[in-house]
Every structure is written in structure tokens, then in C-alpha cells.
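Structure first, commentary second.
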Amino acid sequence: MSTQRSAWLAVVVLILWFPLAAQEAGVARTPPMGWNSWNHFRERVDDRTVRAQAEAMVVSGMKDAGYVYVNIDDTWEGQRDAKGLIQPNQKFPDMKALADYVHGKGLKLGIYSSPAAKTCAGYEGSRGHEEQDAETYANWGVDYLKYDWCQPGGTLREMKAAYGKMQDALKKTGRPMVFSLCQYGWHKVWEWGPSVGGNLWRTTDDIEDQYQAMAEIGFNQNGLERFAGLGHWNDPDMLEVGNGGMNEDEYRTHMSLWAMLAAPLIAGNDLTEMTPYTTAILTNREVIAVDQDPLGQQGSRVSQEGPFEVWAKAMSDGSKVVGLFNRQTTTERMSVNLSQVGIQKQASVRDLWLKQDRGTVEDSFSDFVPGHGVILVRMKQN
């Protein structure tokens, strides 16, 4: 190979590698974990609520389990002053003081805006004020921005330009902030999200707190796994665990599937009023480890037979996490051949919800799976 050709190839490799390496070195190296106000509180969110959620995140053990972002969604915005600077409304008398409080708990503060003139709830958006708003967020001490399209239509070119403009503004502040693109998967955002600085991007419409809506969103993420990786993640929307619309098995399915998807784990419930099983689901360290694995690989479906789905996710230690998902309402026996998940002959098995070793299996693994439930295991080749 000629010296000139070798040099050219080296330049190409650097061009392809550098943006990903730069992104991996920044925020959201693993999927962000935290809480967001919208699913439970919607327009009722205020300063007192956010402080209470931050306190509960610490007291409940969620912080110790890895949850760190306390994110204010829509309806915090007030009017702009004579210089065009955004002001919070009366529900948030001092955003800097609130950020200081959250940071004092060892947590981080997130905020919400839109590239439209108005947010989805009709409050002040960021169009035409991107640099001002980014600088304001930085001055307040914001660590995460959810940027919601909130306008009809929009071409691919328009979306890329709008999100790229805000990303440039955020970078100009010099403050690291997670950049969450919320535009519901239009124009295959997973293909271009990283190019506009996205650390995560919504792949779907809004989630609802009922099994069919959650399952449709979660299981339809199959096929998007090649677009996820360190510093940039597919986002099937926030967790509904603990909001009351699903039973315990269904919420375990929700948490298991999101972990298998390497999805952001953003709780959407009232953290001050969690039942013991809600806390147990949200803080299960072994399930969270599936989501936060440093390999950064999103899981995928390995087999499906009617309502029975088997998913697998490769882990950094060489093990495989396998989920047996039963999408019908009655308890059924499910099985998976070890060869289907890349394991030969024998494997040791650990149940991640029961936190129990299941011993060694040969050739296949099977178990009874409750209706709308899951058996989630970690397998290691023997």
C-alpha cells in the first residue's frame, strides 16, 4: 500500500472516529438516569414539588442506585424581559436557588424548552433566543435540556437546523449539558441525532401508563439497536413505574424491557409516595446494571412465537442477559435455546428480579412466566 494511500486512510479513520470519541468523553456515556415531572405532575409542577422529589430521590435510595437528574418539564416558563431573557413564572421564584438546592443533594437539574415559538403547553419557547436561553440555563446551573419540537410538521432539514442551532448554543456556554431531542421519531431521528449533538432522542410518541401502550412502544424498538451506543441513546420515553396504571408484573416488564434497550431510565412517578414494590423495582441494582453496562449495547429480539418474545443483550463481561416476555394474560412456560443467545452447551444462570442463582443449565433454559410478565436472567458460559 502506498504511503499516500495509507495517510489518506488514516485521515478518514480520524474523521469517522473523532465525533464519536468526543461524544463518549462527555455527558451521558451510559443512559441518563433520573426523574421528570411530566408523567405525574404535568402543569402542577412547582419549586416545592421539585425540591420534594430531589429529597425523596436521596432518601428512597434512588440516588445511590444511580438516579441523578431531577428534570423540570413544561410549564415553568414565564415571560421574557426587555432584553429578551427568559424568566421563570411564579411557580419558580428563583431557578438558580433551586439548582443550588438540587446540586447540594448531589443531584443535577434538568429543564425543558422547544425550538418553536411556544412549548407544547403554550409557554414561551426558544425560537430566536437559542443563545440567550442556553446562557441563562448555564448561569442557573442546568445540567440537562429536553428540547421538544412542539410545532406541526417540519422537514428533516428544518429539524436538523433547529436542533443543531441549540446544540451550538449549549456548547458555546462551556457548561456540559445532556441534550435530549424530543421530536417523536420523525424523519428517523436515530440516523441523524448524533450529528446535531443529541445524547438521546425520542423514538416514539408519548408513553401512557397502561400495558398495551408501554408494550407497543417497548417491543417496537427492535431493529434500532445499531443506532445506540456510548453517549447517544434511543429513547422510548419515560418510565411509568409507580403511577398506578399497571400491576407489579407489568411494571417489572416495563423496567426489564427499558434496561434491555439501554434506554434512559427517567422515572415519572411521585417519588414521595412510593410503595415498597415501586421502590424495589426502580432501585434493583442488578436490573439497573443491565441498562448501565459500559459496553453500551442495546438488546434485541432473538425469537418470537405469537405473544412470546425472547430478547438478549450482550454485556461487557461476556455474559448475556436474557428476557422471556409473555405478552398474553395467562401464565405460560417459555424456553430459549442457549445457542440462540450465543452460548454453547452450558451456562450458569442468575435471576435478576429474585436476585438468586438458578444453577447450571444445559442446551436450554425454561421457566413459567406470568401474564404480561417477564423472567429476566443473566447467563454466563461455563
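The values are calculated or read from the model by the stated rules, or taken from the named source; none is laboratory data. Only a predicted model underlies this, so the values are computations on that prediction, with no experimental measurement involved. Counting neighbours? That spans all protein chains shown, and the Cβs are built from the backbone with ideal geometry, glycine included.
Are any residues in region 51-82 within 16 Å of Lys146 (Cα to Cα) and of a type in the set (A, V, I, L, M), and if so, which ones?
Of all residues in region 51-82, those within 16 Å of Lys146 (Cα to Cα) come to 68-77.
Of everything in region 51-82, those that are within 16 Å of Lys146 (Cα to Cα) and of a type in the set (A, V, I, L, M) turn out to be Val68, Val70, Ile72.
Can you work out which of the residues in region 205-229 that are touching a Lys or Arg at 6+ places or on another chain (Cβ under 8 Å) and either of a type in the set (Phe, Trp, Tyr) or not in a helix (DSSP H, G or I) (or both) is surrounded by the fewest Cβ atoms within 10 Å (Cβ to Cβ)?
At the first step, the residues of region 205-229 found to be touching a Lys or Arg at 6+ places or on another chain (Cβ under 8 Å) are 215, 219, 222.
Narrowing the set further to residues that are either of a type in the set (Phe, Trp, Tyr) or not in a helix (DSSP H, G or I) (or both) leaves 219, 222.
Numbers: Phe219: 18, Asn222: 16.
Filtering first and then ranking leaves Asn222.
This table checks each residue for (1) in a helix (DSSP H, G or I); (2) among the β-branched types (Val, Ile, Thr).
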residue	(1), (2)
Asn139	yes, no
Gly153	no, no
Ala169	yes, no
Phe179	no, no
Val189	yes, yes
Trp192	yes, no
Ser195	yes, no
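Could you tell me whether any residue of region 141-161 is assigned by TED's automatic domain parsing to the domain that holds Ala116, under 22 Å from Gly34 (Cβ atoms), surrounded by fewer than 15 Cβ atoms within 10 Å (Cβ to Cβ) and not aromatic (Phe, Trp, Tyr)?
Within region 141-161, the first condition is being assigned by TED's automatic domain parsing to the domain that holds Ala116, and the residues that meet it are 141-161.
Restricting the remaining residues to those that are under 22 Å from Gly34 (Cβ atoms) gives 141-150.
Keeping just the survivors that are surrounded by fewer than 15 Cβ atoms within 10 Å (Cβ to Cβ) gives none.
No: zero hits.
Take Pro294 and tell me if it is touching a Ser or Thr at 6+ places or on another chain (Cβ under 6 Å) and at pLDDT 95 or above. Break it down into steps so the answer makes sense when it comes.
On the way: touching a Ser or Thr at 6+ places or on another chain (Cβ under 6 Å): yes; at pLDDT 95 or above: yes.
When the stated conditions are applied, Pro294 passes them.
Can you tell which of Gly104, Gly122 is closer than 27 Å to Arg29 by Cβ, out of contact with any Phe, Trp or Tyr (no Cβ under 8 Å at 6 or more places or on another chain) and either assigned by TED's automatic domain parsing to the domain that holds Phe41 or surrounded by fewer than 23 Cβ atoms within 10 Å (Cβ to Cβ) (or both)? Give the steps one after another, and end with the answer.
Numbers: Gly122 fails: closer than 27 Å to Arg29 by Cβ.
Gly104 is the lone residue from the list that is closer than 27 Å to Arg29 by Cβ, out of contact with any Phe, Trp or Tyr (no Cβ under 8 Å at 6 or more places or on another chain) and either assigned by TED's automatic domain parsing to the domain that holds Phe41 or surrounded by fewer than 23 Cβ atoms within 10 Å (Cβ to Cβ) (or both).
Looking at region 83-93, which of its residues are under 20 Å from Lys146 (Cα atoms) and either out of contact with any Phe, Trp or Tyr (no Cβ under 9 Å at 6 or more places or on another chain) or touching a residue at least 40 places away in the same chain (Cβ under 8 Å) (or both)?
Taking region 83-93 as the starting set, the residues that turn out to be under 20 Å from Lys146 (Cα atoms) are 85-89, 91-92.
Matches in region 83-93: Leu85, Ile86, Gln87, Lys91, Phe92.
When the residues of region 230-257 are filtered to those that are in contact with a helix residue (DSSP H, G or I) (Cβ under 7 Å, 6 or more places away or on another chain), outside any loop (DSSP other than H, G, I, E, B) and touching a residue at least 40 places away in the same chain (Cβ under 8 Å), which remaining residue is nearest to Ile288 (Cα to Cα)? Give the derivation first.
Taking region 230-257 first, the residues in contact with a helix residue (DSSP H, G or I) (Cβ under 7 Å, 6 or more places away or on another chain) are 230-232, 234, 236-243, 246, 248, 250-252, 254-257.
With the extra rule that they be outside any loop (DSSP other than H, G, I, E, B), the set shrinks to 232, 234, 248, 250-252, 254-257.
Going one step further and asking which of them are touching a residue at least 40 places away in the same chain (Cβ under 8 Å), we end up with 232, 234, 250, 252, 254, 256-257.
On the way: His232: 18, Asn234: 17, Glu250: 17, Arg252: 12, His254: 12, Ser256: 9, Leu257: 11 Å.
This residue is Ser256.
Just give me the residues in region 163-190 being farther than 25 Å from Trp140 by Cα and more than 17 Å from the chain's Cα centre (by Cα), in sequence order.
Taking region 163-190 and keeping what is farther than 25 Å from Trp140 by Cα, we get 183-190.
Within region 163-190, Trp186, His187, Lys188 qualify.
Tell me, which residue of region 51-82 that is part of a loop (DSSP other than H, G, I, E, B) and without any contact (Cβ under 8 Å) to a residue 12 or more places away in the chain is farthest from the chain's Cα centre (by Cα)? First the steps, then the outcome.
Filtering region 51-82 for residues part of a loop (DSSP other than H, G, I, E, B) gives 60-61, 66-68, 72-76, 81-82.
Applying the additional criterion that residues be without any contact (Cβ under 8 Å) to a residue 12 or more places away in the chain yields 81-82.
Values: Asp81: 34, Ala82: 37 Å.
For region 51-82, the residue satisfying everything is Ala82.
So which of Thr75, Thr49, Thr119 ends up being among the β-branched types (Val, Ile, Thr) and touching a Cys at 6+ places or on another chain (Cβ under 9 Å)?
Details: Thr75 fails: touching a Cys at 6+ places or on another chain (Cβ under 9 Å); Thr49 fails: touching a Cys at 6+ places or on another chain (Cβ under 9 Å).
Result: Thr119 is the single residue among Thr75, Thr49, Thr119 that is among the β-branched types (Val, Ile, Thr) and touching a Cys at 6+ places or on another chain (Cβ under 9 Å).
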